[in-house]
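Some notes on the structure that comes next.
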C-alpha cells in the first residue's frame with residue numbers, strides 16, 4: 001500500500017514538473033514528451049510490482065486509435081487541398097470587400113458549431129482547416145486568429161447534443177450501466193446551450209485579440225509584390241480565345257501588367273483594349289507569383305508559357321507529360337558561376353536540361369519587357385519553374401541553380417477532384433452510420449487517397465506533423481499511468497474530502513470546476529470514464545437525483561481548452577496554427593473561467609438545486 005501511494009505521488013509530481021516545462025517553452029515539445037515517456041518506463045522497472053502500465057502498454061499509445069484517426073484525417077484533408085476542392089470553396093466566398101472577410105469567417109465558425117452538434121467534430125475540423133487557411137491566405141487574414149477558435153467552437157457545439165461527441169455517448173453509456181434512465185438526444189441541450197452560446201461569442205470576438213499576430217517568413221515572402229515576367233500562349237481550346245484585353249480580363253491576374261502581345265512577327269504594345277485574342281497569340285505580362293498560381297489553378301492547362309519543342313517531341317506530348325504527375329511550383333536562383341549566365345532559355349534548352357519548365361522570370365534591378373525566351377540570364381535572376389516532385393527535387397543537385405526550398409508549392413490535380421470528394425464523403429458517412437469505426441474508416445480513406453494517386457506518398461507524409469504525433473502519444477502514455485497507478489483516484493479522493501458537508505449546489509459547482517481542470521490533464525473520454533461512477537455514487541449518498549450530476553460531468557469533460565492534448569481538435573489545429581503550449585493557457589484560462597461563472601450562476605438553478 002505504501003509503495004502504491006509513493007508511486008501515485010511520484011506520477012503526480014512528474015506531471016506538475018512536465019507541465020512547467022511545457023508552459024515555459026524552453027525545450028521542444030517532443031523532447032519533453034520523450035523524456036517523460038522514458039521516466040515512466042524507468043519507474044516501471046524500479047517498481048515492477050506496482051500497477052504502473054507495462055512497457056508494452058506505454059508504447060501502445062503510439063497506436064492509439066484516436067491519434068491514428070487524427071493523422072489519417074489530416075492526410076485526407078490534404079487530398080482535398082491537392083485536388084483544388086478548397087480553392088473552389090474559397091473562390092465561392094471570394095469578395096473584394098474587406099469587412100466581408102471577417103463576416104465569412106464568423107459564419108464558417110458558427111456553421112462548425114451547428115455541424116458539431118450532430119456529428120463527430122474531428123472530421124469537421126479537418127475539413128475546415130484548409131478552407132480557413134486558404135481564405136485567410138487569399139485575403140491576408142492571420143490564420144492564428146482563426147484556427148484555435150475553430151477547435152474551441154467545435155468543442156462547444158459538440159457538447160450540445162448526445163450525438164455531438166464521443167464523450168457524451170460514453171458518459172451516457174456508463175450511466176446506463178449504473179441503472180440510470182437513458183439520456184435522450186436533447187436532454188442535455190438546454191444546460192449545454194446556456195454555457196455554449198456566451199462562450200461561442202467570447203471565442204468569436206475575444207479569443208482572436210488574445211492570440212499574438214505572427215506570420216512566418218515564408219508566408220510574408222509568398223504574399224509580396226514581386227512581379228515575374230511570364231507568357232501565355234492562346235491555343236484552339238483556350239478559354240481566353242476571343243476575349244478583349246480589357247482591364248482585369250482575367251480575374252485571377254488582377255495584379256498583373258500586360259507588356260505586349262506577340263502575334264507572329266508583329267508585337268502589339270499598350271494600349272491593348274481593342275486587341276482580340278487569336279489562336280497563336282502570346283501574351284507577355286508581369287504578374288505576381290500569387291496571381292500566376294491562382295490563374296493556373298482556375299484555367300489548369302489553358303494558361304501556360306510558350307513551350308519550346310525538344311527534338312523529336314510534340315508540344316501536345318510536352319503538355320501531357322506535365323499532367324501525368326503531381327505538379328509542383330518552385331523558385332530557383334541562377335548561381336553566380338552558372339553556365340546558364342549569358343544564355344537565354346532557348347539556348348539552354350532548360351526543360352531538356354532540368355526536367356522543368358519556366359513560367360516566369362524575375363530580375364530585381366529592372367522590369368523586363370522582352371519575350372521570356374529571348375532574355376540572356378544573369379546571376380541572381382529568379383526563375384519560377386514548374387515540374388514533377390522528382391524534377392524539382394533534382395534541382396538541389398544542379399550546381400547552375402539554387403533551389404529556394406520554402407518556395408515549393410503543389411498545384412491542384414483537378415482531374416482527381418471527384419475521387420477525392422467521393423473518398424471523403426464515403427469515409428465520413430460510413431463512420432457516421434456506425435458501419436465501421438472512425439479510426440478504421442479514416443485509415444481506409446487515407447490509403448485510398450494514396451492508392452488512387454489523389455496525392456503522392458511524399459505529400460501524404462508531409463501532411464502528418466511528426467512532432468505533434470510524438471508529443472501526443474507520450475502524453476497519452478502519461479494519462480494511462482495517471483489512471484492505472486491510482487494517482488487519479490488519489491486526487492479525486494482528496495477532492496471529496498474537501499467538499500464533504502457542503503450544499504448540493506456547491507458540490508455540483510466544485511465537481512464541474514475540478515473536472516474541467518482534470519480533463520485537460522488526461523483526456524475528455526478518460527475524465528468522463530473516471531467521474532461518471534463517482535458522480536452517481538455521490539448523488540446516491542446525498543439522496544438526490546443523479547441526472548444533474550451526470551450532465552455536469554459530461555459538460556465539464558468536454559471543456560478541454562487549456563492544453564493541446566486534452567481534445568483531438570486542439571491537437572489538429574496546433575501545427576497549422578503554429579501555436580505554442582502557452583497559447584492554449586492564455587486563451588483557455590479566460591474561456592474556462594467564463595464557463596465556470598455561467599455554470600455557477602445558472603445551472604444549479606436550472607436543476608432546482610439549492
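Descriptive notes on the structure:
- Residue among 395, 384 that is part of a helix (DSSP H, G or I), within 34 Å of the chain's Cα centre (by Cα) and at pLDDT 80 or above: 395
- Taking the stretch 439-530 as the region of interest, the helices (runs of 4 or more DSSP H) fully inside it that hold 1 or more residues being without any contact (Cβ under 8 Å) to a residue 40 or more places away in the chain and under 23 Å from residue 418 (Cα atoms) are 457-463.
- Per the listing 46, 10, the residue uniquely over 14 Å from residue 480 (Cα atoms) and touching a residue at least 12 places away in the same chain (Cβ under 8 Å) is 10.
- Residue within the stretch 531-554 that is assigned to a helix (DSSP H, G or I) and closer than 16 Å to residue 153 by Cα present: no
- So residue 540, is it at pLDDT 80 or above and either on the phi > 0 side of the Ramachandran plot or out of contact with any helix residue (DSSP H, G or I) (no Cβ under 7 Å at 6 or more places or on another chain) (or both): yes
- Residues in the stretch 427-438 that are free of Cβ contacts under 8 Å to residues at least 24 places away in the same chain and out of contact with any helix residue (DSSP H, G or I) (no Cβ under 7 Å at 6 or more places or on another chain): 429, 433, 434, 435.
- Conditions (1) surrounded by 14 or more Cβ atoms within 10 Å (Cβ to Cβ); (2) assigned to a helix (DSSP H, G or I): number failed by residue 16: (1)
- Residue in the stretch 307-322 that is in a loop (DSSP other than H, G, I, E, B), modelled with pLDDT of 55 or more and at negative phi present: no
- Search result, residues across the stretch 144-167 that are modelled with pLDDT of 85 or more and within 19 Å of residue 547 (Cα to Cα): 159, 160, 161
- Condition met for residue 582 (at pLDDT below 95, surrounded by fewer than 17 Cβ atoms within 10 Å (Cβ to Cβ), assigned to a helix (DSSP H, G or I) and in contact with a helix residue (DSSP H, G or I) (Cβ under 9 Å, 6 or more places away or on another chain)): yes
The values are calculated or read from the model by the stated rules, or taken from the named source; none is laboratory data. Treat the numbers as computed from the prediction; the structure is a model and nothing was measured. Using ideal geometry, Cβ is built from the backbone for each residue, glycine included, and neighbour counts are taken over all protein chains shown.
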